[in-house]
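The values are calculated or read from the model by the stated rules, or taken from the named source; none is laboratory data. All values reported here derive from a predicted model rather than from experimental measurement. Cβ placement follows ideal geometry from the backbone for every residue including glycine, while neighbour counts extend to all protein chains displayed.
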Amino acid sequence: MIETPILIAGGGPVGLTLSLELAHQGIRSIVAERNPTTTRHPKMDLTNGRSMELYRRIGIADKLRKVGVPESSPFDIVWVDSLASHELCRFPYPSSARSQEIRKTQNDGTLTLEAPMRVSQIVFEPALKDAADASALAQTWFGWNVESFEQDAKGVTTLLHNRDLGETREVRSQYLVGCDGGNSMVRRHLGIELHGTSNAAQAFMVHFRSDARDLLQRFGVAWHIQTGSGALIAQNDKDIWTLQAFLPPGVKGEELDPHAVLKSWIGEDFDYEILQANPWWAHFLLADSYRQGRIFIAGDACHQWMPTGGYGMNCGVADAANLGWKLAAAVQGWGGEPLLDSYEQERRPVAEMSLKTSQRHLGVRLEIAQAYASAGELSGEGDEAAARRTELGRRILELGNAENEGWGAEHGYRYASAVTREEAGEPPAFDALSYTPSTWPGSRLPHVFLSDGTAVYDRLGPWFSLLVLRGADTSEFESAAKDLGVPVRIVHIADDTASRIYGSALVLVRPDQHVAWRGEVLRENCASILAYAAGRATEVIPAAA
């Protein structure tokens, strides 16, 4: 029998990210992926700024950027009447390189430390796998399918099978995590139900190669070129593209010819090679629970929605960041059961919020599709057609592009759980479409550059970090951490900008960069603060009121 602290079922971006998170915390893991290779389907095409912050934390952000589109490429969203005809309006967004420059001057806590990255999952997954394979603490077993598992009080015994080799392996782990997609075998075998709306929208995907940039980039280099009936996604700004054509009710995607779908949407003939093509359905589904005993689920296994907003994989990356350090703490012996319970308490509400926000974005797209349908003939060259295009463009701009501007949904959410200390008063209001920096417990610590040019994030330790912004005697806190076995780094910061944005004199930051506690002085029992954060509050006498 093979033994490992953590067995991860599923080698997509969430499973691989979890293995890298665990390796960052010094914990071994095995990733078992049923497919022999990483995905051949494009799926996601954006790794948002929050995900890139988390990848920076574990030291691979720069490596991942090497496989993305050129950092000089913009993120523009262009609406057209037809790719072969006219531009109606445009939502311009800066390139990754320009976004990084903006961050150096707009140091007000509203932005993520890392700029977002345009990248296809087809090249993103191999980059993650290479990083995992380069780690001494992560193993990737591709071609190995989880057949069955059984848990007891001390661990999980899992049977894996490799169809090509005709071999089986038995693995004993302390914990099992199902990152095995929307049709998760782990979730189904646990009997965890999904609730929500299935088959909410249907689309036909055509992934193709073409050098016809005179046509495909006739409106300049852009991320998405969109109409009321779909979107053309530039995967590498060179020769790889993906069309997502929305299908009206009653149309059976299985009966469609991908060549006809592609040529009809583009508007004229051109040279191309289809790489993948298939219909797919969008769902709005959420798992009833994320944990049973020593078994957890993450990513698409517990939440699915329309990719409007790009919350799918990015939500899964945050799942991995949240769960990874908590599992590591449990394996190392200083994390309590409430810490493991807090994974569902914190991440499931975020998934519910993301689902509703994605539904909101889909509603806007449907309004735009109706505006196209009622606009009349758009492709003519006369004044009347030009006026109709102008009016439709105005309407699209009025409806906005919140699906690419939902900063609250991306990095402004706040956790509430058994390991987050409550405060008196009302917490800041949450808005999925905007973000106001806050260190209210549960919030993501706002990114700030210090006067010497370094980022606060880069001064944080791998585990807990106590930020000391106005000077304080932390000896009692350090003694409590040592007694409890909870690893903490004391970070002294003398910086007016950080002090103003963070507000409090003391901020305890978790490994996933969320705030566990804040205060002005260390008057209350320091052991109590740390015990709450580590999920061991019952072991310590609470501080006096």
Only one of these is at pLDDT below 95 and under 21 Å from His195 (Cβ atoms): Gln370, Gln304. Name it.
Gln304
Name every residue in region 1-21 that is of a type in the set (Asp, Glu) and either without any contact (Cβ under 8 Å) to a residue 40 or more places away in the chain or within 18 Å of Asp319 (Cβ to Cβ) (or both), in order of residue number.
Glu21
Residue in region 48-60 that is farthest from Glu114 (Cα to Cα), counting only those that are of a type in the set (Gly, Ala, Ser) and buried (at least 19 other Cβ atoms within 10 Å of the Cβ)
Ser51
What tally of residues in region 396-407 results from selecting those that are part of a helix (DSSP H, G or I) and out of contact with any Cys (no Cβ under 9 Å at 6 or more places or on another chain)?
6
Which one of Glu403, Glu377 is in contact (Cβ under 8 Å) with a residue 40 or more places away in the chain and not small (Gly, Ala, Ser)?
Glu403
Any residue at all in region 155-163 that is over 28 Å from the mean Cα position of the chain (by Cα), without any contact (Cβ under 8 Å) to a residue 60 or more places away in the chain, at positive phi and assigned to a loop (DSSP other than H, G, I, E, B)?
no
Going through His41, His24 one at a time, which residue ends up being in contact (Cβ under 8 Å) with a residue 60 or more places away in the chain and over 30 Å from Met205 (Cα atoms)?
His24
Residues of region 477-494 being over 14 Å from Leu522 (Cβ atoms) and either hydroxyl-bearing (Ser, Thr, Tyr) or not in a strand (DSSP E or B) (or both), in sequence order, are Lys482, Asp483, Leu484, Gly485, Val486, Pro487, Ile493, Ala494
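Name the helices (runs of 4 or more DSSP H) wholly within region 1-67 that hold at least 2 residues that are touching a helix residue (DSSP H, G or I) at 6+ places or on another chain (Cβ under 6 Å) and farther than 24 Å from Glu403 by Cβ?
Details: elements: 13-24, 49-57, 61-65.
Helices (runs of 4 or more DSSP H) meeting the threshold: 13-24.
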Taking the criterion of being surrounded by 15 or more Cβ atoms within 10 Å (Cβ to Cβ), more than 24 Å from the chain's Cα centre (by Cα) and more than 15 Å from Ser85 (Cβ to Cβ), would at least one residue in region 224-237 satisfy it?
no
Search region 427-475 for residues being surrounded by fewer than 17 Cβ atoms within 10 Å (Cβ to Cβ) and in contact with a Leu (Cβ under 9 Å, 6 or more places away or on another chain), and hand back the single one that is farthest from Asp512 (Cα to Cα).
Asp473
Closer than 28 Å to Met306 by Cβ, modelled with pLDDT of 90 or more and surrounded by fewer than 13 Cβ atoms within 10 Å (Cβ to Cβ) - does that describe any residue in region 374-393?
yes
Quick one: count up the residues across region 100-123 that are surrounded by 21 or more Cβ atoms within 10 Å (Cβ to Cβ) and not in a loop (DSSP other than H, G, I, E, B).
4
With the structure loaded, tell me whether Arg169 is in contact (Cβ under 8 Å) with a residue 40 or more places away in the chain, farther than 24 Å from Gln276 by Cα and under 22 Å from the mean Cα position of the chain (by Cα) or whether it fails that test.
no
